[in-house]
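Written out below as structure tokens is the structure these notes cover.
Please treat every number below as a calculation from the coordinates, not as lab data. Because the structure is a prediction, the values reported are computed rather than measured. Here the Cβ positions follow ideal geometry from the backbone for every residue, glycine too, while neighbour counts run over all protein chains shown.
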Amino acid sequence: MAIDISNLKVQCMSEIANIKSLKELEEFQIKYLGKKGIVKNMLKELSTLPSDKRAQAGRELNELRDFIEGQIDELRTKFEEEEKQKRIQKERIDVTIPGKRVEIGAIHILSQVQKEISEIFLNMGYEIAEGPEVELDYYNFEALNIPADHPARDTQDTFYISDDVLLRTHTSPVQIRVMKSKKPPIKIISPGRVYRSDEVDATHSPIFHQIEGLFVDKGVTMADLKGTLEVFAKRFFGEETRVRFRPHHFPFTEPSAEVDISCIFCGGKGCRTCKGEGWIEILGAGMVHRKVLANCGIDPDEYTGFAFGMGVERIALLKYEIEDIRLFYENDLRFLKQFR
């Protein structure tokens, strides 16, 4: 046994000298100190030795085990330090290299304009109401006094999913839904995306955004409508802005009007933008038609109301002097970054 132990130590030292990695070190440890390792098996054989040799052999085996453990600990520390240094070198950061520029996003210009318009009306006591973009024909046309054979449908041709289901052409259906579910007084704005079957050009798009307003109560008049829109125009375009009503026809309001503002570029003197007229159209409005009130279960002899609607894109085009509506949808960062 003594000779075997001495030779085993020499063998261990030879193998240790050739270990080059943590993996090889683990294999060496299992080979000699594992549950079925060489040293473990030799310890089991001690019981077969004569009693006068057993103690000496036991001491030599324990010394060999301590030696192997010491060598393993030393090599493990060495290899772990080498691995650490390799990782440090690999992950080393040169702080003198210019960093990557982080692009900070911003709210889209249409969202900015919609928010600004909404806040003006919220400050006047209006609430925001929303509804589905996929709408029933009844809410989009019939309830708004636009029956199937009405010529107004030609100007609001849209995308039909079925005979009775379509993509809404305005946010007016939201007004119908609110009037059917709530008793006056009603004071809401309804912003959102709408759809019409229009050819894409500098001023038209099959998808655009609207903000419509509705106020229904006892004693509401055309004077209230004009005063409301004058407040909006002055707050959005500037205190010097003037408002003009021109008679018009909408099936869902009576009387109806196109609403103009004094040209924000020339102050009403006449320029290329306003085509020399001094006025620019911004929205349509009028008193809610008696039939529309009746369709929603509101007594037109007791209540009156006004409604108005504007295109968010048109308002943005005017305010920021943009000439092509398509710029809003092309995601050209050179254009969008101007409105951060």
Determine, at each q value in 0.20, 0.22, 0.32 (inverse angstroms), the log₁₀ of I(q)/I(0) that the Debye formula gives when each Cα of segment 298-340 is one equal point scatterer. -0.69, -0.79, -1.18
On a straight-distance basis, which lysines could pair with residue 187 in a cross-link, Cα separation under 25 angstrom, same-chain partners fewer than 8 positions away excluded? 115, 218, 226, 234, 291
Placing one identical point scatterer on every Cα of the chain and ignoring solvent, what is log10 I(q)/I(0) from the Debye formula at q = 0.10, 0.11, 0.12 Å⁻¹? -0.70, -0.81, -0.92
Between residue 204 and residue 127, 0.36 nm times their residue separation minus their Cα-Cα distance comes to what? 24.8 nm
Need the C-alpha centroid separation for segment 279-323 versus segment 16-36, integer Å. 85 Å
With 18 Å as the cut-off, how large is the P(r) tail for segment 2-90, expressed as percent of Cα-Cα pairs? 49 percent
Theoretical FRET efficiency, 1/(1+(r/R0)^6), r = Cβ-Cβ of residue 301 and residue 231, R0 25 Å, to 0.05: 0.30
May I ask for the net charge around residue 208, where only other residues with Cβ less than 10 Å from the Cβ of residue 208 are counted and Lys, Arg are +1 while Asp, Glu are -1? +1
